[in-house]
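First the structure, in the form of structure tokens, and then the observations on it.
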Amino acid sequence: MPPIPGSGLAKGLAVTLRTMTKRTVTAQYPDVQPELPPRTRGVIGLFEENCTVCMLCARECPDWCIYIDSHKETVPPAAPGGRERSRNVLDRFAIDFALCMYCGICIEVCPFDALFWSPEFEYAETDIHELTHERDKLREWMWTVPEPPALDPGAEEPKEIAAARKTADKLRAQEEREAQEAREAQETRETQEAREAAESPEDRSDRAAEQEGQE
Amino acid sequence: MNDVLDVALRLLIVFAVFMVVPLVVGQAEHKVMAHMQGRLGPMYAGGFHGWAQLVADGVKFAQKEDVVPAEADRRIFQMAPAVALLPYLLVIVAIPIGPGEGAVGQVVDAGIFFVLAVMGVGVLGSLMAGWASANKFSLLGGLRTAAQLLAYELPMLLAAASVAMAAGTVSLPGILNAFEWWWLPWQIVGALVFFVAGLAELQRPPFDMPVADSEIIFGAYTEYTGLRFALFLLAEYAGIVVLCGLTTVLFLGGWHGPFGADGLGWVWTLLKTGVLAFVVIWLRVTYPRLREDQLQKLAWTTLIPLALAQIALTGIVKVAIN
């Protein structure tokens, strides 16, 4: 059947009219912040308290955009007579985001959970040199890192939580044991006192008289 | 003295309508076009959904330098925007928006003649601009305008003549007084022809071959800057208002409506005009530009035969009724 003349024109009109009734796709960005998906690769935050200056991130970085300076400090022995320990202290941690290609290898490779993806993306600069961000800035971005997404129902417990629970269980068991011992000690003391109280009152008055006589 | 005041007041109101309604149509075009394309359109100017965007545009145009090319025909070049704009002001004077003397700027006995003749003058502005600019793109635009004017003036006149025949008068209020609801299906073909031909005369998309910006920059308006360019744009939107108003009056029954016949006639007129203006914008967003030969073919092989058929139908029905 040949198409009705003008049906194509009507179809065109229908398309534009339908589009008009739908929501627009325009993002009003500076006024309305975009809704970013979880795991957005915006910027890399540094949790510097966890950093041990192992340098793994700097060495794995394909762009060589991570700069780390550090020095060693000696820590006095924890117990008297012990040995002095040495410890790495972070002096500088900087990422050049002009070089960074957001591969995330540094975050994967960090064994101490010191690097995180943050969804923060508004750190454009007018000079390319200012894109090298130092540790204080990286530490500030840590506050924008969202908490990790919840596990699937029925998923295996994370290792950290399992370890923590083990320690907590051990601690609780020990506390209970101690409490038990304390209770038993208490009970023995109470029976002792009860036995003393059960002795005849004459005995007790005699004993009191003796004491008075002594005075 | 009272007469002078009356005339002055009427002219003032017509002028206010002439300045405000085209801006409303322009803003509606901004927003409707944007949403039909999945955008938002202007959002900042004026605070609320960019309502003051056209005011801001006007301020911008007023600040720009008024350049006249060295080789241009100076006087003609400078007069062209006024020639393009003023006819629409004159047409608005004659369009009745409600029943009675009070709702029309000036009752013209030969209303249809006056309106169509004056509207034809508006296109002369484009011709003058195209010729006087001393620019090959402007000239091409002007020639295309001339070709389009020749092709589309005829079906427009024929369609209007059909209504005049039906009503037995060429006065616009007279036509509306004679209007019956069944004129709507009776004159529908004429209405379509009139509306399409009017669009072509305004050089609105999809009939914007004379200003096709991807081929000849902006046709006859290429050399214009600042306020004079703004006047051409204003003329286009005033033209939309006039075309929609005329279609409403001639074919859609103007102030007649299903209810509220007495006091609210002007609301019906404005409502119908607004809906037609929306259709003008809708067509612009939907259809691509017609090629020059398609444009001519549409006029000469479709619109004119349809208009003639409408006149024949009108005549037959008219004789049958009598």
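The values are calculated or read from the model by the stated rules, or taken from the named source; none is laboratory data. All figures in this text were calculated on a predicted structure; none of them were measured in a lab. Methodologically, a virtual Cβ is constructed for each residue, glycine included, from the backbone with ideal geometry; neighbour enumeration extends over all protein chains shown.
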*asked:* Show me the helices (runs of 4 or more DSSP H) entirely contained within the range B:141-211 in which 2 or more residues are within 15 Å of the chain's Cα centre (by Cα), modelled with pLDDT of 90 or more and surrounded by fewer than 24 Cβ atoms within 10 Å (Cβ to Cβ).
replied: B:188-202
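Listed here are the residues, each with its yes/no results for (1) more than 20 Å from B:Gly239 (Cβ to Cβ); (2) within 14 Å of chain A (Cβ to nearest Cβ); (3) not small (Gly, Ala, Ser).
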| site | (1), (2), (3) |
| --- | --- |
| B:Leu5 | yes, no, yes |
| B:Val21 | no, no, yes |
| B:Arg39 | yes, yes, yes |
| B:Gly47 | yes, yes, no |
| B:Ala52 | yes, no, no |
| B:Ala56 | yes, no, no |
| B:Val68 | yes, no, yes |
| B:Ala72 | yes, no, no |
| B:Val91 | no, no, yes |
_So in the range B:299-322, with the set limited to residues that are assigned to a helix (DSSP H, G or I) and free of Cβ contacts under 8 Å to residues at least 60 places away in the same chain, which one is nearest to the other protein chains (Cβ to nearest Cβ)?_
B:Thr302
_Going by what's in this entry, would B:Gly98 be described as modelled with pLDDT under 85 and either under 30 Å from B:Ala220 (Cβ atoms) or surrounded by fewer than 19 Cβ atoms within 10 Å (Cβ to Cβ) (or both)?_
no
*Using beta carbons and a limit of 6 Å, which pairs, at least six apart or on different chains, have the first residue in the range A:148-160 and closer than 21 Å to A:Pro111 by Cα and the second one assigned to a loop (DSSP other than H, G, I, E, B)?*
A:Pro149/A:Pro38
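Test of understanding: among B:Met33, B:Met79, B:Met43, which residue is of a type in the set (A, V, I, L, M, F, W, C) and in contact with a Lys or Arg (Cβ under 8 Å, 6 or more places away or on another chain)?
Of B:Met33, B:Met79, B:Met43, the one residue that is of a type in the set (A, V, I, L, M, F, W, C) and in contact with a Lys or Arg (Cβ under 8 Å, 6 or more places away or on another chain) is B:Met33.
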*Please find, among A:Phe112, A:Phe47, the residue that is in contact (Cβ under 8 Å) with a residue 40 or more places away in the chain, in contact with a strand residue (DSSP E or B) (Cβ under 9 Å, 6 or more places away or on another chain) and under 24 Å from A:Glu147 (Cα atoms).*
A:Phe47
*State which residue is nearest to B:Pro185 (Cα to Cα) when the search covers only the range B:235-261 and only residues that are small (Gly, Ala, Ser) and modelled with pLDDT under 85.*
B:Gly253
*Output the residue which, of all residues in the range B:30-67 that are in a loop (DSSP other than H, G, I, E, B) and touching a residue at least 60 places away in the same chain (Cβ under 8 Å), is nearest to the chain's Cα centre (by Cα).*
B:Gln37
*Scan (1) out of contact with any Leu (no Cβ under 8 Å at 6 or more places or on another chain); (2) in a helix (DSSP H, G or I) for the single condition B:Ala235 breaks and write down its number.*
(1)
*Among (1) within 10 Å of another protein chain (Cβ to nearest Cβ); (2) surrounded by 15 or more Cβ atoms within 10 Å (Cβ to Cβ) - the single one A:Ile44 does not satisfy*: (1)
*Determine if the range B:295-302 includes at least one residue that is surrounded by fewer than 19 Cβ atoms within 10 Å (Cβ to Cβ), over 19 Å from B:Pro22 (Cα atoms) and hydroxyl-bearing (Ser, Thr, Tyr).*
yes
*Give the range A:18-33 a look and list any residue that's of a type in the set (A, V, I, L, M) and within 7 Å of chain B (Cβ to nearest Cβ), or say none.*
A:Met20, A:Val25
_Residue satisfying all of: in the range B:212-238; of a type in the set (D, E, K, R) and over 24 Å from B:Ala28 (Cβ atoms); surrounded by the fewest Cβ atoms within 10 Å (Cβ to Cβ) among these_ = B:Glu215
_Just to check your reading of the model, which residue among B:Ala82, B:Ala8, B:Ala62 is modelled with pLDDT under 85 and not hydroxyl-bearing (Ser, Thr, Tyr)?_
B:Ala8
